[in-house]
Amino acid sequence: MMGNCSKSPRFYGKTAGASSLAFFLCICTVTLVACSKKTGIIDLSHAPLLPVDSSWAVIVDPYAIYRSEPQLSASVAGYGRRGAVQEIVGQRIMTEDKKQVIWYQFSSGWLPETSLQIYSNELKAQSAARDLESVRDASSWM
């Protein structure tokens, strides 16, 4: 019996050494591949910048009247057309006829929420504006 026991540790010792060597070679290979200098370049020059905190709007009414203040009785500040994309610079909740109305401020003036669709970024707003144009173009053929 003693003879069998003396061979067992040597047998396991060779297996353990081979496993350790294989593990060491795998680690070396992964390290060399992971740490080698990458030659590929990612070109982001055409990727638009998307600010995190800005919202965009698309005018959905055929014609919209920008107001100088966030109320219907305010003077006219300008005009907008359906499909125009604008960055929102402010907003205010106003009470008109016992109803709350959200007004959005743009560089051209104020518009009520009923004239707009709001999007989280400019790309989504531009896509929605194109969809509005295609619907308008399709309806003009009818």
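The values are calculated or read from the model by the stated rules, or taken from the named source; none is laboratory data. What you are looking at is a predicted structure, and each value in this text was computed from that prediction instead of being measured. When we count neighbours, we look across all protein chains shown, and the Cβ atoms used for this are built from the backbone with ideal geometry, even at glycine. The accessibility values were calculated without ligands, DNA or RNA, using every heavy atom of the protein model including side chains. Shrake-Rupley method; radii C 1.70, N 1.55, O 1.52, S 1.80 Å.
Laid out as a table, the results:
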read-out	value
Near pairs, Cβ below 7 angstrom, 6+ apart or cross-chain, from the stretch 109-126 (in a strand (DSSP E or B)) to any residue that is open to solvent by 70 Å² or more (accessible area, probe 1.4 Å)	Trp110/Glu69
Subset tally (residues that are more than 21 Å from the chain's Cα centre (by Cα) and open to solvent by 80 Å² or more (accessible area, probe 1.4 Å)) for the stretch 81-137	13
Positions within the stretch 73-104 being touching an Asp or Glu at 6+ places or on another chain (Cβ under 7 Å) and not in a strand (DSSP E or B), in sequence order	Arg82, Gly83
Residues that are surrounded by 15 or more Cβ atoms within 10 Å (Cβ to Cβ) and either in a strand (DSSP E or B) or of a type in the set (Val, Ile, Thr) (or both), drawn from the stretch 59-72	Ile59, Val60, Ala64, Ile65, Tyr66, Arg67
